[in-house]
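Here is the structure we will look at, set down as structure tokens.
Read-outs: derived from the displayed coordinates by stated rules, not from any lab. This one's a predicted model, so the numbers in the text were calculated from it and none came from an experiment. Here the Cβ positions follow ideal geometry from the backbone for every residue, glycine too, while neighbour counts run over all protein chains shown.
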Amino acid sequence: MDFDDWLAYELCVPGGIFGETEVDCPHCGQSLNVAVDDPDGEERYTCCECGKAFNVDWANGTMRWQC
């Protein structure tokens, strides 16, 4: 597998190779580097800028939060 294949996989499965990816906080828009422990599951994160929490479902590519 060459680098282009690895990069394509990482784009399709965020954190699948490198174990982390970048997301924008849905509350304040801050760009965050987050660890991805389970690329097929859901994980909860807290923004270091505004302190609010949100969930990311990596399998479905969705994000949930409460205002």
- Message: Under the 0.36 nm per residue contour assumption, what length would be gained going from the current alpha-carbon distance of Glu42 and Gln30 to full extension?
- Response: 2.3 nm
- Query: Taking the Cβ of Asp57 as the center, what net charge do the other residues with Cβ under 10 Å away carry, scoring Lys and Arg +1 and Asp and Glu -1?
  - Reply: -2
- Message: Ignoring everything except DSSP H segments at least 4 long, calculate the 222 nm mean residue ellipticity for the chain; use -39,500 (n - 2.57) per segment, divide by total residues, nearest 500.
- Response: -4500 deg cm²/dmol
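Compactness ratio of the chain: Cα Rg over 2.2 N^0.38 Å, N = residue count?
In units of the 2.2 N^0.38 Å rule of thumb, it is 1.16.
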